[in-house]
1. Can you give me the % of accessible surface on the range 158-238 that is carbon or sulfur? Probe 1.4 Å, all protein chains present, nothing else counted.
2. For the chain, what is the largest minus smallest coordinate of the Cα atoms on each principal axis, given in angstrom and ordered from greatest to least?
3. Based on the alpha carbons, how large is the Rg to Rh ratio for the range 3-104 when Rh follows Kirkwood?
4. Tell me the per residue accessible area of the chain using a 1.4 Å probe; a whole number in Å² is fine.
5. Nearest 20 debye, what's the magnitude of the dipole of the range 122-252 about its Cα centre given +1 on Lys and Arg Cβ and -1 on Asp and Glu Cβ?
6. When the Karplus curve 6.51 cos²θ - 1.76 cosθ + 1.60 is applied with θ = phi - 60°, which whole-Hz ³J(HN,Hα) does each residue of the range 232-238 get, with x for Gly and Pro?
7. Pop out the ³J(HN,Hα) list for the range 32-46 in order, Karplus 6.51 cos²θ - 1.76 cosθ + 1.60 with θ = phi - 60°, rounded to Hz; leave Gly and Pro as x.
8. So which residue, out of F198, F125, F80, gets the largest mean-square fluctuation from a GNM of the chain using Cα contacts under 10 Å as springs?
Amino acid sequence: MEIVDYKKRWDEKPVLRAVYADLYRYVEESLVEGNTLEIGSGIGNFKIKQGSLIKTDIQFSIDTDVVSDAQSLPFSNESFSNIVLVDVVHHLECPMLFFAEAQRILKSGGRIIMIDPGITPLSWFFYKYLHQEPVNMKWNPMEECFIDPQKDPYDSNQGMPTLLFGKYLEFFKDKFPSLILLEHSWMSIFVYQLSGGFQAWSLIPGRLVNHLLKIERRIQKKFPFLGGIIAFRLKIVLEKKTQYINQVHKLN
């Protein structure tokens with residue numbers, strides 16, 4: 001699908017809008033006060049109630065403020081209090097370059113809030129065999145990575161976020177000691193799948209979607225262990241703690 005196709009599907013499918021409104025509420029719950037940068041804004045669906053929001057994407061659209069590559073951002077140091085990414089990290093060719101840029105442009109106390117595909121026993125089967133985007137659980141962030149300017153922006157590996165904040169979490173912490181992991185949450189256990197996402201079909205009637213989303217939230221809160229088995233998405237919140245890191249360096 002091209003960006004115009006995503007926009008058309010968004011306008012035609014109220015169930016899809018409700019599902020993403022719920023995802024955006026998860027993002028808003030973690031925002032701190034100050035300016036926000038959205039990476040991969042696409043058709044410009046994300047909104048915030050307070051502070052300014054700058055939308056960036058690697059592709060131009062009328063809803064994008066700045067066209068830029070997330071792995072080389074055109075912003076000065078410590079420019080933003082929040083960086084938001086929804087369904088973006090798994091599309092990045094060299095995500096470690098993005099986190100280096102994010103570390104640079106975040107203010108002390110600022111946050112990176114990301115929601116991406118999460119690989120669990122159930123979601124692995126779905127993503128591997130029933131989804132158009134690949135899952136490569138052999139990806140290794142420790143290997144040297146080079147940006148290909150000809151890369152299709154829709155190329156992806158849905159396994160990257162799970163690997164980076166699971167198997168390779170200690171490597172990430174060593175690489176970016178000022179980015180402290182505040183939250184690692186499994187989410188989206190059934191509603192998104194039944195909605196069909198950006199596909200034309202949906203197994204959920206529009207009148208029931210918000211009710212089902214509330215039930216899903218209650219289940220996720222009461223039985224968090226289920227997330228690591230059946231969830232389809234992963235929420236990661238990182239906070240920049242430069243003052244703490246500087247103090248450690250001075251002590252050493």
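The values are calculated or read from the model by the stated rules, or taken from the named source; none is laboratory data. Since we're looking at a predicted model, the values are computed, not measured. Note that each Cβ is placed from the backbone with ideal geometry, even for glycine, and that neighbours are counted across all protein chains shown. What goes into the accessible areas is simple: the full protein's heavy atoms, side chains included, and nothing from ligands, DNA or RNA. Shrake-Rupley method; radii C 1.70, N 1.55, O 1.52, S 1.80 Å.
1. For the range 158-238, the apolar C and S fraction of the accessible surface comes to 62 percent.
2. Principal-axis extents of the chain (Cα, largest first): 59, 41, 37 Å.
3. Ratio of gyration radius to Kirkwood radius for the range 3-104: 0.95.
4. 51
5. Using Cβ point charges on Lys, Arg, Asp and Glu, the range 122-252 gives about 740 debye.
6. 10, 9, 10, 10, 10, 10, 10
7. Result, ordered by residue: 9, 5, x, 6, 10, 10, 9, 9, x, 6, x, 8, x, 7, 6 Hz.
8. The residue with the greatest mean-square fluctuation here is F125.
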